[in-house]
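Engineer: Sharing a structure below in structure tokens format, with a few things to ask.
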Amino acid sequence: MTLRALTVLAAAAALAVSGSAGAASFGQVDDARLLHAASEPQNWLLHGGDYQAHRFSGLDQINTGTISALKPAWVFEFDTSRAQEATPIVVDGVAYVSTAWSKVYAVDAATGKQLWSYDPQVKGEVGAKACCDVGNRGVAVYRGRVYVGTLDARLVALDARTGKVAWSVQAADPNSMITSTGAPRVAQGLVYIGNAAGEFGGRGYISAYRADTGKLAWRFFTTPGDPKKKDGAASDDIMATVVQPTWFGPHNAYRGGGQVWNSIVYDPDFDQLYFATGNGFPWNRWFRSEGKGDNLFVASIVAVDAKTGKYKWHYQESPGDSWDYDSIADMILADLTIDGRPRKALMHTPKNGFFYVLDRATGKLISADPFVSGIDWATGADPATGRMMVNPGAYFDNKTAVRVSPDGGGAHSWQPTAFSPRTGLMYLEAYSNTLGLYTPRPTYEWVKGLDRTGTVNYGAHAPGEGPPALGDIAGQSPRPVQANLVAWDPVARKARWKVDGRGSGVLATAGNLVFQGRGRNVMGELVAFRADTGEQVWSHQTPNAIVTGPVTYSVRGEQYVLAASGAGGGVRIGTEDVRQRQVGRLVAFKLNGTATLPPDPPPAPMIAPPPLTWTAATVLEGDDLYGQFCSRCHAAQARSSNVVPDLRRSTALGNPALWSAIVDGGAMKATGMIGWAKFLPPGGSEAIRGYVATQAHKLREERAKASAK
Ligand code: CA
């Protein structure tokens, strides 16, 4: 018997043990398979389903006629309750999925049985670098390996069969504030990875590594460095000629932004790569660039040669961004016929609320239309030049606050979008009428480790102004905020249908269906709509909220719908009751499935809040400090969904020594809760305790009123 035959036998034996009869290849995905991903709908080979990132599946066993029989097939529990944002990759019966803290699992896609797991051992304190919890949006699978970006900014290649590390590189300085939460993308022998730090300072960039060795192939910076120095990067020429002239004021180490933290798409039609960039840093252009300039390439789409990283074109969606308008939404490629002419189009729905259609050959704008109502930061795109016409009143200085729609949360953020070639419609979650209050700080000082955006932060409010009203995402809007699932016709440039409801990422299928995950408090549901009309045809409650996009695949002739479930941190909720924390899960559904999902978690226990012994001035100071330092993870007004703890229910609240040990001393740094003593003013943590205790008393009154009803 030859060595090769022995190897094959051994592989067959391993399969028999794992019980996954369909799992023949363990990630043997080559370029030909990726190029024709749509022709094997039994798999979900790429983050967006295929290179065009349609998030559309040709499977139709589950359709409008059969969907009433769609039931849970299996459940897989992670070991963490933190954010679940991944899009699973499914190859030949094996699902590869990342979870919070950049851990990776391979599970049998038919049974949910674990095949292997990988823990990159990210240190807990790195969690304090994450703007929005310690989630990870997915892995890439290519030529027998699984690629993951870690929160501490490593790019790691794993053996798809065993989960063992093949190579690992540091994709960013571990001493910087850069994290990696986005899914790597693969094409033509390269792995592409961006990173995040948009609220902490520094320049954005994207790197291409050789998939086989981990050697850096090229890097492209999205915002400028010192004009006197070259980076030695693919972006050097365009930086000097096009980018630098759009920035004003002195260069420094922290300014920039334009992080490539979510969407990266490879376009085989032109062998080019598109990446979408985040907000400028600091947010306030007054401090970033003397209050002027477009500040390329913040809030933009950039196209480069996929092999070399050489610049091809860009389109900036929010010139001189000052509103946290990350342009990082999914990009979707399609061949559309517009005005009788075939166009190679790129569709994009960034936070700024406009639906963009670009020509992929040239980067020229085809159309830009608001996909939500209430937008006032810009009036549209100049039909002659394609340039966005920004309302001059939307920019702000260091004195006067402005209110602009949409808010920094955006009309649409990173939650996956889908395009059905059958209906010609793009599906996305959208928020109308959000209104952001941007209150500038009078002076700017960057502090490493803090999210100093040049405005009064997040949930905080201007001195003398009341805190944002509840039940209103943006806070100050006189118009009711509306959450909708929108089906948008990119050719007719209008919505074909809309349904109400707050949800997240979507999946479109040939069964004339659109699936969307939804959240209710920390609990959630998976919902299905007719793709052509928006009629709701199915829903199933899931114990966790679903904040990412589901995928579909089939094993041995049975179609599954799979979603990672588990809300992220920093989620502010209204007056409904908070639930006990629970672990994140993978939930899979199939026709006539027989699994049972775990029950909904019970309400989180109340505590007896400590007596209010703080002065009104101290509580007010605590309110301001809470907004600056705590609300990012524990939610505005301490109204956390409890994924990151609801501090109003913390047993440490009545114990000043324990509170200080945690807040000042970092006793819980393994969770990401570092010690804040080095940042807080004297007495700061005690003032925060006073504020949170006040909020805890309010909570108790609310609960008493609710139970009296
Ligand atoms: Ca941002």
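The values are calculated or read from the model by the stated rules, or taken from the named source; none is laboratory data. Just so it is clear, the structure is predicted and the values come from calculations on it, not from any experiment. Methodologically, a virtual Cβ is constructed for each residue, glycine included, from the backbone with ideal geometry; neighbour enumeration extends over all protein chains shown.
Engineer: Tell me, yes or no, whether segment 289-297 has at least one residue that is closer than 30 Å to Leu46 by Cα, under 27 Å from the mean Cα position of the chain (by Cα) and acidic (Asp, Glu). I'd like the intermediate steps shown before the answer.
Structural biologist: Start the filter on segment 289-297 by keeping residues that are closer than 30 Å to Leu46 by Cα, which leaves 296-297.
Then keep just the ones that are under 27 Å from the mean Cα position of the chain (by Cα); that gives 296-297.
Among the residues that remain, those that are also acidic (Asp, Glu) are: none.
Within segment 289-297 (the criterion being closer than 30 Å to Leu46 by Cα, under 27 Å from the mean Cα position of the chain (by Cα) and acidic (Asp, Glu)), the answer is no, since none of the residues qualifies.
Engineer: So how many residues does segment 519-535 have that are over 19 Å from Leu562 (Cα atoms) and either of a type in the set (Val, Ile, Thr) or at pLDDT 95 or above (or both)?
Structural biologist: 4
Engineer: Now, a different point. Among the listed residues Ala53, Ala69, Ala100, identify the single one that is surrounded by fewer than 21 Cβ atoms within 10 Å (Cβ to Cβ) and not acidic (Asp, Glu).
Structural biologist: Exactly one residue qualifies, and that residue is Ala69.
Engineer: Also: Please determine whether any residue of segment 633-642 is surrounded by 14 or more Cβ atoms within 10 Å (Cβ to Cβ) and free of Cβ contacts under 8 Å to residues at least 60 places away in the same chain.
Structural biologist: Yes, segment 633-642 contains at least one residue that is surrounded by 14 or more Cβ atoms within 10 Å (Cβ to Cβ) and free of Cβ contacts under 8 Å to residues at least 60 places away in the same chain.
Engineer: Among the residues of segment 537-567, count how many are crowded, with 24+ Cβ neighbours inside 10 Å, in contact with an Asp or Glu (Cβ under 7 Å, 6 or more places away or on another chain) and not aliphatic (A, V, I, L, M).
Structural biologist: 2
Engineer: For Gly627, indicate whether it is at pLDDT 95 or above and surrounded by fewer than 22 Cβ atoms within 10 Å (Cβ to Cβ). Let's see the steps before the verdict.
Structural biologist: Values: at pLDDT 95 or above: no; surrounded by fewer than 22 Cβ atoms within 10 Å (Cβ to Cβ): yes.
Here the answer is no, as Gly627 does not meet what is asked.
Condition check ((1) at pLDDT below 95; (2) farther than 30 Å from Gly232 by Cα; (3) more than 16 Å from the ligand (Cβ to nearest atom); (4) not in a loop (DSSP other than H, G, I, E, B)) across all residues:
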{"residue": "Trp116", "(1), (2), (3), (4)": "no, yes, yes, yes"}
{"residue": "Glu125", "(1), (2), (3), (4)": "no, yes, yes, yes"}
{"residue": "Tyr147", "(1), (2), (3), (4)": "no, no, yes, yes"}
{"residue": "Leu155", "(1), (2), (3), (4)": "no, no, yes, yes"}
{"residue": "Ala166", "(1), (2), (3), (4)": "no, no, yes, yes"}
{"residue": "Ala183", "(1), (2), (3), (4)": "no, no, yes, no"}
{"residue": "Gly198", "(1), (2), (3), (4)": "yes, no, no, no"}
{"residue": "Ala208", "(1), (2), (3), (4)": "no, no, yes, yes"}
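Engineer: Continuing with the same structure: Quick one: which residue in Asp271, Asp305, Asp330, Asp267 is of a type outside the set (Gly, Ala, Ser), buried (at least 24 other Cβ atoms within 10 Å of the Cβ) and assigned by TED's automatic domain parsing to the domain that holds Asp173?
Structural biologist: One residue alone meets the criteria, Asp330.
Engineer: Return the residue satisfying two criteria in turn: it lies in segment 353-410 and is within 16 Å of the ligand (Cβ to nearest atom) and part of a loop (DSSP other than H, G, I, E, B), and of such residues it is surrounded by the fewest Cβ atoms within 10 Å (Cβ to Cβ). Before the answer, list the steps.
Structural biologist: First pass over segment 353-410, keeping only residues within 16 Å of the ligand (Cβ to nearest atom): 353, 377, 404, 406-410.
Next, only the ones that are part of a loop (DSSP other than H, G, I, E, B) stay: 353, 377, 406-410.
Values: Gly353: 27, Trp377: 23, Pro406: 31, Asp407: 25, Gly408: 22, Gly409: 16, Gly410: 26.
Among residues in segment 353-410 that are within 16 Å of the ligand (Cβ to nearest atom) and part of a loop (DSSP other than H, G, I, E, B), the one surrounded by the fewest Cβ atoms within 10 Å (Cβ to Cβ) is Gly409.
Engineer: So which of Trp261, Trp247, Trp313 is modelled with pLDDT of 95 or more, within 16 Å of the ligand (Cβ to nearest atom) and not acidic (Asp, Glu)?
Structural biologist: Criteria check complete, one pass: Trp261.
Engineer: So, one more: So if I check each of Tyr626, Tyr560, which one is assigned by TED's automatic domain parsing to the domain that holds Asn136 and of a type in the set (Phe, Trp, Tyr)? Steps first, answer last, please.
Structural biologist: Values: Tyr626 fails: assigned by TED's automatic domain parsing to the domain that holds Asn136.
Selected residue: Tyr560, the only one of Tyr626, Tyr560 that is assigned by TED's automatic domain parsing to the domain that holds Asn136 and of a type in the set (Phe, Trp, Tyr).
Engineer: Report the residue count in segment 652-666 for those that are in a helix (DSSP H, G or I) and either at pLDDT below 95 or more than 12 Å from Arg689 (Cα to Cα) (or both).
Structural biologist: Count: 1.
Engineer: Out of the residues in segment 316-335 meeting the condition of being more than 20 Å from Gly256 (Cα to Cα) and of a type outside the set (Val, Ile, Thr), tell me which one is farthest from the ligand (Cβ to nearest atom).
Structural biologist: So, considering only residues that are more than 20 Å from Gly256 (Cα to Cα) and of a type outside the set (Val, Ile, Thr), the one farthest from the ligand (Cβ to nearest atom) is Asp335.
Engineer: Within segment 266-288, can you find the residues that are more than 15 Å from the ligand (Cβ to nearest atom) and not hydrophobic (A, V, I, L, M, F, W, C)?
Structural biologist: Once the filter is applied, which keeps residues that are more than 15 Å from the ligand (Cβ to nearest atom) and not hydrophobic (A, V, I, L, M, F, W, C), segment 266-288 yields Tyr266, Asp267, Pro268, Asp269, Asp271, Gln272, Tyr274.
Engineer: Which of (1) under 24 Å from Val169 (Cα atoms); (2) more than 16 Å from the ligand (Cβ to nearest atom) is the odd one out, the single condition Asp133 does not satisfy?
Structural biologist: In the conditions (1) under 24 Å from Val169 (Cα atoms); (2) more than 16 Å from the ligand (Cβ to nearest atom), Asp133 misses (2) alone.
Engineer: Any residue at all in segment 279-295 that is of a type outside the set (Phe, Trp, Tyr) and over 28 Å from Arg452 (Cα atoms)?
Structural biologist: Looking only at segment 279-295, we keep the residues that are of a type outside the set (Phe, Trp, Tyr), and these are 279-280, 282, 284-285, 288-295.
If we keep only those that are over 28 Å from Arg452 (Cα atoms) too, we end up with none.
Looking for residues that are of a type outside the set (Phe, Trp, Tyr) and over 28 Å from Arg452 (Cα atoms), one finds none in segment 279-295, hence no.
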